[in-house]
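Worksheet: the structure to be examined is printed underneath.
The values are calculated or read from the model by the stated rules, or taken from the named source; none is laboratory data. Bear in mind that the values here come from a model prediction, so they are computed numbers and not experimental data. Backbone-built Cβ (ideal geometry, glycine too); neighbour counts: all protein chains shown. The accessibility values were calculated without ligands, DNA or RNA, using every heavy atom of the protein model including side chains. Shrake-Rupley method; radii C 1.70, N 1.55, O 1.52, S 1.80 Å.
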Amino acid sequence: EVLEENSKRGEWFNNVFAGIVYYAISEKNKAIDCVQSNLDSDYEKEVSQVLYDAFKNDNVDVKSLGEKIGLSINYNEVIVKSDINGIFDADEVSIPIKSISGFFRGKESVKADISTLIGSTKQLNKDGTISVHLTLAVSPWTRLVPAVSYLMNFPNTCVEHVSSRVIGLASIRNIAKKGYLKEFSDKTVDNYIKEDFEYLCRLQLENGGFKYEPSDSNVCWWGTQYVVYALTLLEESSYEYDKGFLDRALDYVKKQMFNNSDSETFNSPVMGLGVVALAMNKKINATELQTLRKKFQRGDKESESMLNYAESFVGEKSFDSMKFKLLSLKPLAVEEGGWAKSNVRRDAFVLLTNARIGGSSKISDNFADSLFKNLTDKGYWTSTADTGIALNALAVYFKTQKPVESNKFTVKVTTNSGTKEVSVGSVPESIELTADEINGEIKLQAAVNTIVNYSIWCK
């Protein structure tokens with residue numbers, strides 16, 4: 001009923017939690033229907049065809065949709081503007097484009113057409129056209145592209161969503177600077193971080209805590225845990241910002257944790273994020289950490305993994321007992337998660353801890369492999385609330401691995417337009433694909449029997 005009424009008034013109805021949303025424009029341009037469609041929906045086919053035509057013809061504005069309908073192609077984003085009741089640009093919506101990535105040994109076939117690439121993003125470029133690129137690399141960093149893209153694409157709707165994106169982007173920021181993520185330039189990453197940092201600053205209250213969204217007036221205690229961890233990782237990545245925001249937040253978190261023992265303060269494992277941030281910033285010592293340990297629910301695996309990670313910053317320096325403890329841990333089965341509780345976050349912090357203390361490489365490999373297996377094809381684990389942290393753990397894991405040294409070898413890229421040969425080595429190599437090449441099967445064949453990571457992305 002709401003959808004129908006909004007359509008009559010010519011307003012956008014955008015349910016960001018419904019998944020990918022497609023927009024169909026009426027012939028008379030009097031209303032715009034917003035529909036969540038299935039893959040075989042006529043609405044999707046209509047929009048996909050328009051995108052394909054615009055891409056193939058290299059047009060910035062497409063008027064074929066109807067009177068005074070404009071369609072602009074930007075970096076990972078398509079913007080549709082419409083005249084409603086005589087007011088041009090009265091309505092505007094983005095139909096974004098997502099990346100596709102994976103890895104193979106020997107041979108691989110990839111389906112990548114325009115409709116597959118429609119996703120959810122907000123990245124912008126000024127050239128006004130879509131160009132599609134295929135990146136091939138021996139380096140494993142390309143495997144993180146779906147999660148990075150998912151976080152970039154998610155809208156700014158609350159303190160957790162924005163903090164989770166900062167957690168993920170801070171984790172890959174320096175890798176982007178080194179050029180190991182061709183899909184995301186360091187400038188793009190820093191632009192996102194800058195915008196998100198400014199958003200979080202607007203959420204901070206005088207007492208140092210953070211509210212859930214701009215319209216609120218009270219502290220969101222659990223959301224504040226995400227912020228202090230995000231800002232801590234920002235500092236760790238050498239991103240320059242006013243540390244006063246973090247210091248005020250840490251003082252607030254420490255005061256609340258030591259002055260309260262009620263269930264509301266410690267009622268969720270995720271409150272351990274605040275303890276981790278306090279330890280990483282040297283705001284607590286080993287004795288104070290043990291005091292806080294007693295306030296959390298005994299036996300909870302997620303909070304225990306966070307507290308163990310915190311201990312690696314303030315506890316013993318040899319880590320022998322902690323290494324022994326980690327040897328008995330196994331990855332947990334993924335269940336539906338969220339901000340309050342997540343097995344994905346538990347496994348991520350086990351991986352972070354093991355990497356930090358130089359534990360068994362087998363433990364790290366097992367937990368990293370489990371995380372990758374549970375990454376959905378849409379680029380997230382169970383929600384934003386664990387995707388940023390899982391990305392954080394995998395980024396740290398990759399940093400601890402020996403750099404992949406590889407002599408250059410050839411990968412044959414076969415499309416319906418023919419075959420190209422790409423020379424692949426330690427540094428990622430990219431080629432541009434035409435509109436015809438991405439609308440069909442792409443066959444990849446490596447000349448050597450080694451793992452090759454690939455990513456198909458737009459700019």
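Of all residues in region 155-186, those satisfying the criterion of being at pLDDT below 90 and over 20 Å from A137 (Cβ atoms) are P155, N156, T157. With respect to the conditions (1) within 27 Å of the chain's Cα centre (by Cα); (2) assigned to a loop (DSSP other than H, G, I, E, B), S328 falls short on a single one, namely (1).
Among the numbered conditions (1) surrounded by 17 or more Cβ atoms within 10 Å (Cβ to Cβ); (2) touching a residue at least 24 places away in the same chain (Cβ under 8 Å), the only one that C201 does not meet is (1).
Residues in region 219-276 that are under 25 Å from V396 (Cα atoms), open to solvent by 50 Å² or more (accessible area, probe 1.4 Å) and in a helix (DSSP H, G or I): E235, E236, D247.
Report yes if L391 is out of contact with any Lys or Arg (no Cβ under 9 Å at 6 or more places or on another chain) and either closer than 29 Å to V350 by Cβ or at pLDDT 80 or above (or both), otherwise no.
Judged against the criteria, L391 is a match.
In region 272-283, the residues that are in contact (Cβ under 8 Å) with a residue 12 or more places away in the chain and farther than 11 Å from Y252 by Cβ form Cβ pairs under 7 Å with partners that are among the aromatic types (F, W, Y) and open to solvent by 10 Å² or more (accessible area, probe 1.4 Å), at six or more places apart or across chains, as follows: G272/F296; V276/Y309; A279/F313; M280/F313. Of the residues making up region 181-197, those that are within 22 Å of I100 (Cα to Cα) and either free of Cβ contacts under 8 Å to residues at least 24 places away in the same chain or in contact with a Gly (Cβ under 9 Å, 6 or more places away or on another chain) (or both) are S185, D186, K187, V189. Residue count for region 332-387 under the criterion of being open to solvent by 40 Å² or more (accessible area, probe 1.4 Å), outside any loop (DSSP other than H, G, I, E, B) and touching a residue at least 40 places away in the same chain (Cβ under 8 Å): the result is 1.
Could you look through region 294-314, keep only residues that are in a helix (DSSP H, G or I) and of a type in the set (D, E, K, R), and pick out the one that is nearest to L233 (Cα to Cα)? Result: E311. Condition check for T157 on (1) farther than 30 Å from N218 by Cβ; (2) surrounded by fewer than 22 Cβ atoms within 10 Å (Cβ to Cβ): one failure, at (1).
Evaluating T291 against the criteria (1) in a helix (DSSP H, G or I); (2) surrounded by 14 or more Cβ atoms within 10 Å (Cβ to Cβ) leaves one unmet condition, (2).
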